[in-house]
Each structure stands twice: as C-alpha cells, then as structure tokens.
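Colleague: Just dropping this structure here.
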C-alpha cells in the first residue's frame, strides 16, 4: 500500500493557491485536510493526482514523484489510485453505467465481463434504476456517486477526493460514506479535502486544518 | 512608429509560428499513438474511430457529391459559353477537370469537413475540457490522446480522403453530363473513357495526398482549439470561430505552397 508525502509544496492557480504545505499520510492511513477555502483545498488534492503543476516542493504518491513523472508514468500511477474531482468528471455523452464500463474495457476487460462487474457494483450501492441515465442529464449527486464507483473500480491503493460532500444530499452522503468505509476496510490510503468538517470527521483517522499543514512546514 | 510596427509584426509572426508548432506537435503525438504498440483500449479506440468516420464521412457523402456536381456544371457551362469550337471545348474540359480534381476537390472537401465535423469536435472537446471530463478519464489511467484524439484524427483524415474521391467522381460525372448536354461530346461510353484517360494517375494521387494533409491540418486545428477551452466555457464560441477561420487559412496557404512546388 502506498503512502503520500507532501514536502513544502506550493501550487498556484487562478483563484486558489497553497504555500509551503507539508503533510505525511502513512500507508493505510485516512487523512482529511479541512479549511474554509475549498478551492485551495482542491488544489492540494489535484496536485497529488498530478493535475496541477507543483511550483515548489515535492509530492510523492505511492512511491512516484508526481512533480517530475512523465505522462506515461502518471497514467500508470493513476491506474493504481482513485481520484474523485468535485463534479466527478464523467463523460456526459455516455450513460452513468457506460462511464464505468469504459474504464474497464479500455484496460482490457471484455465487454461482457465489464458489464457484469459494473452491474454488481451498481447493485451493491442500490443505484441500478438510475444507471442508464446519460451523465449530462443525471443530477450532480448521482454523477458524484458514480464518479466514486469509477474511482474504486480498480481497487486502488490510494484514494484522493476533492470535496467529497459537494453536491450530496443525505442519500448520496450515505452512499459515499459507505464506499469510504469499504475502502478503509481494504486498507486504502486516503487523502480528502473538504470544508464540511462534520461530514469528513467519521470518514478519517485524522483531520488536519490546511493552516496547520503550513505551520508544520515552518 | 516604424519600430513599434516592426515589434508588433515580429510578435505576431512569432505567435503564429508557435501555434503552428503546437498543431504539428499535437499531430505528431497523435500519429505516434496511432502506431503505438500498446494494446490499451484498442477495441474502444477503433470503435470510436469507426463512429467518427460514419459521422464525418458517410453522413456527408450526398452533400459533397452535390457540391462537386454543381461546381462542375457551373464551371463547365461558363467555360463553354466563352470558348468556341469542339477542339477548344475539349481542351477547356480537360483543363477544368484537372483543376477541379487536383486543386479544388481537396480544398472544398477539407472546408466541408471542417464546417460539419470540425466545429462539432471543437465544441465537444471544449465541453469535455471545461467540465473536467478529460481529467476524469485520465484519473482512471485512460490516455486522452488515444481515446479522444486518435479516433478524431483518423476519422477526419479517412473521411477527407474518402469524400475527396466522392467529390472527384461527382465532378467527373457532372462534367461529362454537361459536355453531352452542351453537344460538345456524344453520349457514348468510349468518350467517357477518353475523358478518364485525360486524368493522369498523378493528378488523382496528388489530390488524395493533399486531402490527407488537409485532413491532418483540420483535425489538429479543431482539436487544439477544443482542448484549449480549459475551465472557461465562455471561451467556446471564440475558439470555434477561430478554429474554422484557421482551417481555411492553413489549407489555403498549404494549397498555395504545394501548387508553387508542383510548378
């Protein structure tokens, strides 16, 4: 199982930035970074997934330095980590089910097997009635739940999630919490960022305010 | 004043040069992905490419055929009006056929492909980029170059070549029909073959090669602008307009350069 090491990292993008942040997440540990400015929290998670350029410092996820890794290495790393963005990032011209099947089929799973595997996952969370909605027509809450299912399809060693509570109503929150609990039981390392402390506290072992991560560094 | 003008001109040239390098890089990265040994997503990618060929190529066959035929009829009718005598008419027909096949066919086909499918691709990739869908597929280890660019590039190139052949066929059939109607040639199969023989294989090969080049150019420009939308959806209309204008400009420049080379 891989851990996450964030060493004096600074990342900047329009409307959000983090400066000199350090954090260590041990293999199998579940950590939530919280704060009042969600865009800055999201930047940290995106940087860990290799979607933001690190201006300064170093981020190592499951043994890979994401700041210096090339495109192919990042793609390989992402196969072994689950990443959920705020809105989910599902392909809107496909159904929710097809989005999940696509990921499996691309990585060599036969169409029939992919259908069975995805069907079983969807049934397990009780979302089978909505699975054939096109992602562009599905409510944001459903998209988020299916994005979680997609992120956990390959049983990743590390789960990164930007604002897991976003868009979720009580039923969606229950589903996401159950998926987190299932991943935790498998010993998945988790780093999540959220501005809703009440939602994330039961999901993790440790809550770190973003400001504290900066203080640790200095 | 002159100094400022030169600085502005230099900047403009440099920006254009950088953009052309970006298009070439995108085309090269995609070309490498087409021939990569990796088996990842092969079935999915080529399934998407087939769908792209149907949308870009097959669905446009009638439009391209119609435009080729109309263009041919209008051009030849006008030419017959100004020329006199059977020999002169025959010479004009040969010349116009070669001109239509070698120069006009690939250009018109590329413009039709850009207008029909290029704009759709820029919008589609733009939305994907703005809604975080490109990152979404990357997050499960899917290579966006293979899943998004390879089908669109191969679909556009294959379709441009195929539609170019349809355009040539329509031009040729309409030219013969017009010549028969104008009383320039008798309606006999032997005459059809004599017209066909006036068209050298080199002319057809040049036309197809140009179509392939224009197809790659169109695909690179529309995909680049689609993926450049980033997180700002309001960029989309500007990107679509720019992509279409640039396709026309780049294909015109390429056609001119190739025509000068073949002099």
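The values are calculated or read from the model by the stated rules, or taken from the named source; none is laboratory data. Keep in mind that this is a model prediction, so the values were computed, not measured. Methodologically, a virtual Cβ is constructed for each residue, glycine included, from the backbone with ideal geometry; neighbour enumeration extends over all protein chains shown.
Colleague: Being out of contact with any strand residue (DSSP E or B) (no Cβ under 7 Å at 6 or more places or on another chain) and modelled with pLDDT of 95 or more narrows it down to one residue among B:206, B:122, B:178; which is it? Break it down stepwise before answering.
Modeller: Numbers: B:206 fails: modelled with pLDDT of 95 or more; B:178 fails: modelled with pLDDT of 95 or more.
It is B:122.
Colleague: Okay, moving on. Given the options B:102, B:90, name the one that is away from chain A (no Cβ under 14 Å), assigned to a helix (DSSP H, G or I), at pLDDT below 90 and over 12 Å from residue B:211 (Cα atoms). Give the steps one after another, and end with the answer.
Modeller: Working: B:102 fails: over 12 Å from residue B:211 (Cα atoms).
Just one listed residue meets the conditions, B:90.
Colleague: With within 14 Å of chain A (Cβ to nearest Cβ), farther than 18 Å from residue B:237 by Cα and in a helix (DSSP H, G or I) as the only criterion, which of B:124, B:135 stands out?
Modeller: Values: B:124 fails: farther than 18 Å from residue B:237 by Cα.
Result: B:135 is the single residue among B:124, B:135 that is within 14 Å of chain A (Cβ to nearest Cβ), farther than 18 Å from residue B:237 by Cα and in a helix (DSSP H, G or I).
Colleague: Report yes if residue B:156 is under 30 Å from residue B:231 (Cα atoms), at pLDDT 85 or above and more than 14 Å from chain A (Cβ to nearest Cβ), otherwise no.
Modeller: Numbers: under 30 Å from residue B:231 (Cα atoms): yes; at pLDDT 85 or above: yes; more than 14 Å from chain A (Cβ to nearest Cβ): yes.
It is true that residue B:156 is under 30 Å from residue B:231 (Cα atoms), at pLDDT 85 or above and more than 14 Å from chain A (Cβ to nearest Cβ).
Colleague: Criterion first (farther than 30 Å from residue B:141 by Cα, in contact with a helix residue (DSSP H, G or I) (Cβ under 9 Å, 6 or more places away or on another chain), surrounded by 13 or more Cβ atoms within 10 Å (Cβ to Cβ) and free of Cβ contacts under 8 Å to residues at least 12 places away in the same chain) does residue B:72 satisfy it?
Modeller: Details: farther than 30 Å from residue B:141 by Cα: yes; in contact with a helix residue (DSSP H, G or I) (Cβ under 9 Å, 6 or more places away or on another chain): yes; surrounded by 13 or more Cβ atoms within 10 Å (Cβ to Cβ): yes; free of Cβ contacts under 8 Å to residues at least 12 places away in the same chain: no.
Judged against the criteria, residue B:72 is not a match.
Colleague: Looking only at segment A:120-135, decide whether some residue is more than 8 Å from chain B (Cβ to nearest Cβ), in contact with a strand residue (DSSP E or B) (Cβ under 7 Å, 6 or more places away or on another chain), more than 15 Å from residue A:149 (Cβ to Cβ) and surrounded by 15 or more Cβ atoms within 10 Å (Cβ to Cβ).
Modeller: yes
Colleague: Just to verify a result, which residue in segment A:85-98, among those that are buried (at least 24 other Cβ atoms within 10 Å of the Cβ) and over 24 Å from residue A:28 (Cα atoms), is farthest from the other protein chains (Cβ to nearest Cβ)?
Modeller: Of everything passing the filter in segment A:85-98, A:96 is farthest from the other protein chains (Cβ to nearest Cβ).
Colleague: Sort through A:82, A:108 and tell me the only one that's at the interface with chain B (Cβ under 9 Å from one of its Cβ atoms), in contact with a strand residue (DSSP E or B) (Cβ under 6 Å, 6 or more places away or on another chain) and either within 18 Å of residue A:172 (Cβ to Cβ) or in a loop (DSSP other than H, G, I, E, B) (or both). I'd like the intermediate steps shown before the answer.
Modeller: Numbers: A:108 fails: in contact with a strand residue (DSSP E or B) (Cβ under 6 Å, 6 or more places away or on another chain).
Unique residue meeting the criteria: A:82.
Colleague: Still on this structure: Looking only at residues in segment B:26-44 that are modelled with pLDDT of 90 or more and more than 13 Å from chain A (Cβ to nearest Cβ), which one is surrounded by the most Cβ atoms within 10 Å (Cβ to Cβ)?
Modeller: Of everything passing the filter in segment B:26-44, B:30 is surrounded by the most Cβ atoms within 10 Å (Cβ to Cβ).
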